[in-house]
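Scroll down for the structure; my scribbles are underneath it.
The values are calculated or read from the model by the stated rules, or taken from the named source; none is laboratory data. On a predicted model such as this, the values are computed, not experimentally measured, just so you know. Methodologically, a virtual Cβ is constructed for each residue, glycine included, from the backbone with ideal geometry; neighbour enumeration extends over all protein chains shown. Side chains included, ligands, DNA and RNA excluded: accessible areas come from the protein's heavy atoms. Shrake-Rupley method; radii C 1.70, N 1.55, O 1.52, S 1.80 Å.
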Amino acid sequence: MVDVPTLVEQARAGGPRAVARLISLVEGASPQLREVMAALAPLAGSAYVVGLTGSPGVGKSTSTSALVSAYRKQGKRVAVLAVDPSSPFSGGALLGDRVRMSDHASDPGVYIRSMATRGHLGGLAWAAPQAIRVLDASGFDVILVETVGVGQSEVEIASQADTSVVLLAPGMGDGIQAAKAGILEIGDVYVVNKADRDGADATARELNHMLGLGESRGPGDWRPPIVKTVAARGEGVDEVVEALEKHRAWMEEHGVLGDRRAARAAREVEAIAVTRLRERIGTLHGDRRLDALAERIVAGRLDPYAAADELVAGLTGES
């Protein structure tokens, strides 16, 4: 058994091993997970969560690394949660992002963790919300969540981040992909990376045009800015940070930040409740209650929806 209070205290003091152990408890759905979350709950809520998403090849990892450098110059502690594809052999993360962010490996003010999607659609690992809470409670000022490039399903990042950054690159058909994937609806800040390539200005213009077409914003509403960067050289990164800070200030002024975090917590509670119900239903195979319902359906005395209602009522104690 893990000494949770000591582990949390060590994580708060900046111990990377303690942070890693807590996230491992989350990923492994440890029996002590309830105790961990109860200990972390009063400590979380201060970190600024930034999600970065975009098609494969736009430079998400390079951009994330550049943002880490920019925030570290401001003296902020930064955590990176890089959601990688799962290894088909071990089920673990392929760790490509940690390799690309090796420049920050020796910095005690930076913590980088790769998480495997383990087949979870949406570009995020199923344990990401709890992992974000661990990092938040551990005292990091900024948490950068970089999603695996999975195209149209990647919009899930918007449900986990305070601010969502959508990255595009010229010459990759990203304008069409953006419209297709619906990511024009989730971006708070748009970044055209690799802006030293031909077509960068055209990509920015096309993006601006499409944002205008889909606009239904009123006075005072947030209009997502478009920032051009060359992340590999650090060009334009300060402008991205400035755009992020402006969006955070706007959210705080208009009460949007609190609303987003409340919605995020509600989704997390819902997901946990649904998982618990699935686990209980999963133990019913061979159970006489399920067999009896199935027999009534076959005999035509009950329809499947009514049977499901009876089953759920029995599991939840509803009358």
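Structure above, values below:
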{"quantity": "Cβ-based net charge around ASP303, under 13 Å, with every Lys or Arg adding one and every Asp or Glu removing one", "calculated": "0"}
{"quantity": "Where labels lie 7 Å past Cα in the beta-carbon direction, separation of VAL2 and ASP309 in nm", "calculated": "4.3"}
{"quantity": "Quotient of Cα Rg and 2.2 N^0.38 Å for the stretch 182-255, N being how many residues it contains", "calculated": "1.17"}
{"quantity": "Inter-label distance, nm, simple model (7 Å from Cα along the C-beta direction), ARG223/ASP287", "calculated": "5.6"}
{"quantity": "Cα gyration tensor shape of the stretch 224-282, rounded if a/c is under 1.5, else prolate or oblate by comparing a/b with b/c", "calculated": "oblate"}
{"quantity": "Candidate lysines - alpha carbon under 18 Å from LYS194, same-chain residues fewer than 8 apart omitted", "calculated": "LYS60, LYS228"}
{"quantity": "Order of exposure, largest accessible area first, which applies to ASP103, ASP201 with probe 1.4 Å", "calculated": "ASP103, ASP201"}
{"quantity": "Cβ-based net charge around ILE132, under 12 Å, with every Lys or Arg adding one and every Asp or Glu removing one", "calculated": "+1"}
{"quantity": "FRET efficiency estimate (nearest 0.05) - Cβ-Cβ, ALA271 to ARG233, R0 30 angstrom", "calculated": "0.15"}
{"quantity": "Whole-Å distance, taken between Cα centres, linking the stretch 58-74 and the stretch 213-255", "calculated": "16"}
{"quantity": "Segment ASP259-LEU43, extension gain: residue separation times 0.36 nm, minus the distance between their alpha carbons", "calculated": "75.8 nm"}
{"quantity": "Separation of alpha-carbon centers, the stretch 16-38 and the stretch 272-300, rounded to whole Å", "calculated": "31"}
{"quantity": "For the stretch 180-319, fraction of C-alpha pairs farther apart than 27 Å, in %", "calculated": "53"}
{"quantity": "Accessible heavy-atom area order of HIS254, HIS247, highest first, probe of 1.4 Å", "calculated": "HIS254, HIS247"}
